[in-house]
Each structure stands twice: as structure tokens, then as C-alpha cells.
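I have placed the structure first, in the form of C-alpha cells, so that the comments after it can refer back to it.
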Amino acid sequence: MKKIFSFILLLLVLFSQIGCKDDNTQAEITMPKFFGDNMVFQRNQPIRVWGTGSPGQRVKAVFNGVEKQAKINKEGNWLLEFDPLPASGPYELEVNGKKFYDVQVGDVWVAGGQSNMEWVMSAQVEGLHEELADADYSLIRFFKIPHDYDAKEKFDVRGGEWLKADSDNILNFSAVAWFFAKKNHLEKGVPVGIIESNWGGTPAEGWTQTDRLLSLELYKENAQDILDRQDYWIQEVIENKLRELKRNDLVIAPQNGEIQGVANPDFDDSEWQTVQLPDANPFKDIAWLRKKFTLTDTDANFMLNLGEIQQMGYVYINGGRLFYKDWGTDVKEFPVPASMLNKGENILTVRVINTWNNEPVLGKKDQLYLKSGNKKISLEGEWKYSNRIEEELPVVEWYNWLPGMMFNAMIAPIVKYPIKGVIWYQGESNAGDHQHYSELFGTMIQNWRERWSIGDFPFLFVQLANFMERKDLQPESNWAFLREAQYQTLALPNTGMAVAIDIGDANDIHPRNKKDVGHRLWKVAQKVAYGDDVLYSGPVFKEFQKVGQKVNLSFDHTGNGLKLSFGNEVKGFIISDQEGKFYPAKAELINTAQVQVFHPLVQNPTEIRYAWADNPEVNLYNSEGLPAIPFRIRID
């Protein structure tokens, strides 16, 4: 009996030890990819660490000498929270044996939007060489979230790593975010982390949680469909991504044509179509085009200009590859080595691909030539064309544009990560629906703030820059209406707007002056995010006074007074008569805070607009050198 009792007691002890061991075992865990070496936590906010693992097991994290523990819940999730810290570092973070080194605490900003935010420093940004010479700031770190989209919210991003600023790494940083971050670091003396979550060409609805769009008339049908048929959309997104992978493999495989000798002078293109360039644009799928030209002398210095290549192009002369044009670079005159040219007949071959819509473009009128000194050999006219050399490109749908798709994959995974705020540059892709943008953009901002659960954090954005052909009168400009919708969003608390109406490019939707954009965003941040007493905005219309047929306009945010960047008259005003007909207005400064506007043919003006066009001519600034904000007012 005594032996049986001892045996039972031994079993109870063993089972007790096993139970305790299971309860305290440090689990094999998974953490989001933005937890890594060189990461930056937001100062003065709770420091959160989270991930997934086996339910019931333990997670232990140590940070700054403090240990925290948690049990993984039945859904397989866990989260630990450390007390806020001031700007400081470096630290080491250890979670269940995983160690992350050189962790800093400072200011973290999300850099969101479309291509003008995504535009990297290496893409011909003005002032690049000066920045490369002053790029070594180890306390400025960037994390780039790869493009992704999904029909349901994701736990983690597709990839990425924290990179310290140096002359190599900044080449691939968002240019706007770099200039902003550098100012933040130098003026506040704190580590700065930028989380890039941006994608060229994308509309705001794709960055907004799907169910939040059900109350917006223009977007509710698509949003409801995604919610009602989530299983279908989950599978369709997977299949679309597989098509994209196949397309991308084809795009970067010029050898598929090179192996066939398509670029060689003796290649037989007699069965190809004969087309006229540049008139025959656009083409389809992967387009190969060939053009013969004759030279009597190859000793001169030759330059080749193809005018336009949308988006990517591989250019060959006499079988040798001359250059590759990527989607983010301009087409300019390109030197042709004499060694690639022949006296007599030569063959120019171009492989063109456009992943935007599978419709590539080559050539531009009067910009398709080979030049030597003042002598030009026109390359316009007959070319040989085929899109059957390589496999037909799969059709890849822009599902990332649909409600919530990018939010699910590129925003939802980071909303537990406290931030200082957001800098945002977007709107071009919503200009066609400008009448809905104010409500949409406001909904998106409020949605992000709700999901981050850290209050109304600063949300700073760039108003659309000037772009396209300059017109004296353009009262129906979609871009002007979109700018107005952006301005209306300032009604939300802790928002701020940087104006770029004067630093755009008529011929390029991607102006290369990103420094002024980043610096103007920083001025807004100084006021909105940090409460500094600075002049952060350009002149803002305040009130008007009608004086006969003239109207006196008063402005706020003038600093030491209004000024003109050139000339003696204020540019950019238009004025309408009682029939609603607009005229380019006469305008002049009448004191340091007022402009007088009139037109001799308008006896009783009913409306005045400023900078109201795609690409208006403007010259009205305040003493800080910030441009006046576009506006329109009814006089009656």
C-alpha cells in the first residue's frame, strides 16, 4: 500500500512539472518584418511588440532592461507593451531569444501616397549630388513597404528592412520623405524613422478600409461587392498576382528576342508589319521595332533621341545593346559610340514594354532622330514592327485601386506601431472625381486615426503641383477643383497642407524639385506636429471688400507682408461678370496684406478665382517665400 501511494505521488509531481513546463515554454514566434535591426520606435508613445505563435505558450521580451511577459491567446496572437521613452538609443530588443540591435527611439512618420511621394532620390531629383555629399546620418532610417494588395487584412507586409541614411541607401529613399526627415532630424535632434507605404498612380479609396467606404456613394458598390464576395476576391487577387509574376518575368527577359537575333542587321523582318512612327502609337504587348538608316561617315559624335518610350525600352544598334530606359527615367539624347556604327547601312532596334496597360509607345514628333553636330537624320516614317517575337503579356488588373485593397496589405499591418504622424502626397488619380475627394480623403484620414488608436495624430499633405499646358483661362480645371477639395480637408483637426502650385513641371507629372516640397512639409510639421511659432503657410484669403467695380482682397499668413516673385502685377487671378464669363484679371498689391483685383470689362464682378487652372502662372508670396493658396470666392 505504501509503495502504491509513493508511485501515485511521483506521478502527480511529474504531471505537475510537465504542466508547469508547458505553461512557461518560450514559444517559437513570428513577428512582422518591420521588427528588425535599426528600427525606430516612436518617442513618448507606448512601445508595442507583437506577433503570432502557438496558443498557450509564453512570450518574454526584454527592452531597456525591462522584462515583459505574455501568454499567446487562443487565436495565436500576442502583444507586449513597454512604457514610453524620450528620444534615445541605441537599445537592444530581445523577444524569445530573437535579438534586434541598434534600436532607436525618436520620431516615426508614415510617408504615403502615389508616385510623387514614391519618387526616389536617384530618379533625377534636383540637388542629388549635394545630398549625396551630405547623406551620412545614421539616426535617419527608412523602411520601404513593398507594393501589395489583398481582399482581407494582412498580419504582415511582404518585405522590407530598416536602412540607415548614407550615400548608397538614400538613392532608393522617397525624395520628399528624405528632405523632410533630414530637416526633422537636424532641427529636433532626434532619431527619425520613415515607413514608406506608397504606390504610384493609386487613388485614395484603395488606401481606405473597405467597410468605411460603404457610406460614400461613389465607392459603396465596389466596397460592398468585396465584402460580400470576399472568398472570390481573395482567390482572384492570388490569380492576378500570379499573372503579374508571369508578366514581370517576360518584361525583364529581352534575351527571349536577343537569342532569336532580332536586333542583328541580318535578321529577316520581311514578315513584320510596316508602321509609321510616331503616328502608329500605341502598340501592344512586347513591341519590337526596327529602323534602317544610312551613314556616310562614322567619325563624328552621334546622339540618338527617341522622343518618348513608355514605359521601358531596350535600345540596340547593329545588334549591340546601346542602353536600357527604365520607367522612372526621361528619354534624352543618348551618345552613340562610333564603334557601334557602320559606314553605309545600320539597323536600330527597340524593344518597348508598358506594364501600365500593355500598350507601349515609341517616338515623338520632331524628337525622333540621330544627330551629329547640326546635322540630323530623321528617324520618323517607316519602321518594321512585331509583337509576336515574344509571348503575349498576361492582362494584370489594377485591383490595388479597389476599395481597401492597399489598406489591407500596406496599412493594416502597421497600425499597432505608434507614429508621430503621416506625410501624404496624392490626388492626381482622383482628379477626375474631384467632387467626391474631400469626403473620401477626410474619411481616409479619420479611418487611419481610428485604427492607430493614438489620437488625432498630425496628417500633413501636399496640394497638387502645377502641371500640363498653361492656359490663361481654365475655370473648369479638374486639378483646380481637386486642390480645393484638398484645402477643405484642413477642417479636420491636426491637418496641414504644403502648397506646390509654383514648383511643378508643365511637361512632367513628376516634378524633380522634391526639396522644396519636403521643406514646405517640414514647415507645416513644425506648426502642426510640434507647436513651433513659425510662418508655415503661404498667404490665405481672409475677406473681401467691393469698391465699385474693383475688389480688395485681404490675406492672412503674410508674415512681414505680401510680395511678388517677379514683375509688378499680381499674376494668377481671373474674374467673372454677371453672366458667368471669366476674364484674366488685373491685380496689384495695394498694401502689405491686400490685393486689388478688377477687369475693365467687368462692371459688376460676381466671382474671383486665384491660381485656378491646371498650370497657373503665379507670383504672390509671403515674406517667408511661401506661395499663396489657390482659392475661389463669390462676390455676391
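The values are calculated or read from the model by the stated rules, or taken from the named source; none is laboratory data. For clarity, every value in this text was computed on a predicted model and none was experimentally measured. Don't worry about glycine lacking a Cβ; one is built from the backbone with ideal geometry, like all the others, and counts go over all protein chains shown. Ligands, DNA and RNA are excluded from the accessible area calculation, which covers all protein heavy atoms including side chains. Shrake-Rupley method; radii C 1.70, N 1.55, O 1.52, S 1.80 Å.
On a per residue basis, the convex hull of the C-alpha atoms belonging to the stretch 468-568 measures out at 162 Å³. Local charge for E217 was computed over the other residues whose Cβ lies under 13 Å away, with Lys and Arg +1 and Asp and Glu -1, and equals -3. With protein chains left intact and a 1.4 Å probe, residues in the chain average 44 Å² of accessible area per residue. Per the Kirkwood formula applied to alpha carbons, the stretch 159-280 shows a radius of gyration over Rh ratio, Rg over Rh, of 1.14.
Sort the following peptides by mean Cβ neighbour count (other Cβ atoms within 10 Å, averaged over residues), highest first: 106-118, 127-139. Don't skip to the answer; put the middle values down first.
Numbers: 106-118: 25.8, 127-139: 14.8.
Those peptides, ordered most packed to least, come out 106-118, 127-139.
With both residues required to sit in the chain, DSSP beta bridges show an antiparallel share near 75%.
Whenever you get a sec, compute what percent of the accessible area on the chain sits on carbon and sulfur atoms (1.4 Å probe).
On the way: 13260 of 27970 Å².
Looking at the chain in its full context, I get 47 percent from C and S.
In whole angstrom, the stretch 491-540 maps to an equivalent ellipsoid with semi-axes of 23, 11, 9, each derived as √(5λ) from the alpha carbon gyration tensor and ordered largest first.
Which value, in Å to one decimal place, does the Kirkwood hydrodynamic radius take for the stretch 23-163 when every pair of different Cα atoms is included?
Details: mean 1/r = 0.0583 Å⁻¹.
The answer is 17.2 Å.
Using a cutoff of 8 angstrom between alpha carbon atoms and counting only pairs six or more residues apart, the relative contact order for the stretch 46-102 works out to 37 percent.
Using the alpha-carbon positions of the stretch 60-110, Rg (one decimal) and Dmax (whole number) come out as 12.5, 36 Å. For K144, the aspartates and glutamates whose Cα falls under 16 Å of its own Cα, not counting residues fewer than eight places away in the same chain, are D37, E118, D156, E161, D166, D168, E196. With a simple spin-label model that places each label point 7 Å from the Cα along the Cα-to-Cβ direction, the separation between L492 and D249 comes to 4.1 nm. Measuring with a 1.4 angstrom probe and ignoring ligands and nucleic acids, F467 comes out at about 40 Å² accessible.
In the chain, the inverse of the mean reciprocal separation of distinct Cα atoms equals 28.2 Å; this is its Kirkwood hydrodynamic radius.
Distance cut-off 25 Å, Cα to Cα: go down the list K152/K183; K33/K325; K420/K515 and report the pairs above it. Violating the 25 Å limit, Cα to Cα: K152/K183; K33/K325.
Provide the packing ranking of 371-377, 409-415, i.e. peptides ordered by the mean count of other C-beta atoms within 10 Å per residue, highest first.
On the way: 371-377: 12.3, 409-415: 22.7.
Order by mean packing, descending: 409-415, 371-377.
For a straight C-alpha distance cut-off of 20 angstrom, the lysines reachable from K581 (same-chain residues fewer than eight places away being disregarded) are K471, K546, K550, K571. Across all Cα atoms of the stretch 542-636, the radius of gyration (one decimal) and Dmax (whole number) stand at 12.5, 38 Å.
Please report the relative contact order for the chain, taking Cα pairs under 8 Å with a sequence separation of at least 6, and give it as a percent rounded to a whole number.
Working: 1471 pairs, mean separation 79.9, N = 636.
Reported as a whole number, the value is 13 percent.
For the stretch 323-457, the square roots of the Cα gyration tensor eigenvalues, ordered a ≥ b ≥ c, give a/c of at least 1.5 with a/b greater than b/c, which places it in the prolate category. For the chain, the mean residue ellipticity at 222 nm estimated from helices alone is -6000 deg cm²/dmol, where every DSSP H run of n ≥ 4 contributes -39500 (n - 2.57) and the total is divided by all residues, rounded to the nearest 500.
Would you mind classifying the stretch 436-496 by shape? Square roots of the alpha carbon gyration tensor eigenvalues, ordered a ≥ b ≥ c; an a/c under 1.5 is rounded, otherwise it is prolate if a/b is larger than b/c and oblate if not. Prolate, because a/c is 1.5 or more and a/b exceeds b/c. Measuring max minus min along each principal axis, the C-alpha atoms of the stretch 535-593 give extents of 39, 24, 19 Å (largest first).
Note the full-extension length gain between Q435 and D366 as 0.36 nm times their separation in residues minus their Cα-Cα distance, in nm to one decimal. List each step's numbers first, then the result.
On the way: separation 69, 0.36 × 69 = 24.84 nm, distance 3.84 nm.
Length gained between Q435 and D366: 21.0 nm.
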